[in-house]
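Engineer: Let me begin by handing over the structure; questions about it come next.
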Amino acid sequence: MTQLLPLVDAIGPVGGKPGRPMQRPAQVQGDRAYDSQPHRVQLRKRGIRPVLARRRVGHGSGLGKTRWVVERTHAWLHANRRLRVRYERRSDIHSAFLILGCIKICHDALKRSFC
């Protein structure tokens, strides 16, 4: 919760469309933990539309429709034991295994789409 704004500030250029890359995303999605008026105000000052689930409101915010993609990908990464339980003390080694896990996910997805 305390790292939302530093995380948003650390986001690099967002590519995808031809031309000059955007420096910030158009919107940020988050769960109830990020629901606070200061977060909403700071995100709007940065030109970002906050899509944050409200506290003390029933479910049905609609955030789950896209959130499953992230949680599914985390589950795929955790299928690799070295990523599920971190044994490495050095972050560069852990990062290398994380990259290998992402490569494996992409390879499997491409293999499914072309076979």
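Here, each number is a calculation from the coordinates, and none is a lab measurement. Quick caveat: nothing in here was measured; it's all calculated off a predicted structure. Positions of Cβ are generated from backbone atoms using ideal geometry, with glycine treated the same way; all protein chains shown enter the neighbour counts.
Engineer: Could you tell me what % of all Cα pairs in the stretch 64-114 have separations over 17 Å?
Structural biologist: The answer is 43 percent, as a whole percent.
Engineer: I would also like to ask the following. Per DSSP helix of 4 or more residues, -39500 (n - 2.57); summed, then divided by the residues of the chain. What does that give at 222 nm, rounded to the nearest 500?
Structural biologist: Computed mean residue ellipticity for the chain: -15500 deg cm²/dmol.
Engineer: Further, regarding this structure: For a quick check: sort Cys102, Cys115 by the number of other beta carbons within 10 angstrom, fewest at the front.
Structural biologist: Fewest-to-most Cβ neighbours within 10 Å comes out as Cys115, Cys102.
Engineer: Using the per-residue mean of other Cβ atoms lying within 10 Å as a proxy for protection, in what order, highest first, do the peptides 35-47, 83-95 fall?
Structural biologist: 35-47, 83-95
Engineer: Sorting check: for 48-54, 71-77, which peptide has the highest mean count of neighbouring beta carbons within 10 Å, and how do the rest follow?
Structural biologist: Output ranking for 48-54, 71-77: 48-54, 71-77.
Engineer: Follow-up question, since we're still on this one. Across 10 Å bins from the origin, how do the percents of Cα pairs in the chain run, short distances first?
Structural biologist: 11, 28, 35, 24, 2
Engineer: Give me the net charge of Arg81's neighbourhood, meaning all other residues with Cβ under 14 Å from the Cβ of Arg81; Lys, Arg count +1, Asp, Glu -1.
Structural biologist: +3
Engineer: Multiply the residue gap between Arg81 and Ala33 by 0.36 nm, knock off their C-alpha separation, and tell me the result in nm, one decimal place.
Structural biologist: This chain segment gains 14.4 nm when fully extended.
Engineer: Let me ask another. At q = 0.30, 0.31 Å⁻¹, what log₁₀ I(q)/I(0) does a Debye calculation on the Cα points of the stretch 4-52 give, no solvent, two decimals?
Structural biologist: Ignoring solvent entirely, the Cα scatterers give -1.21, -1.26.
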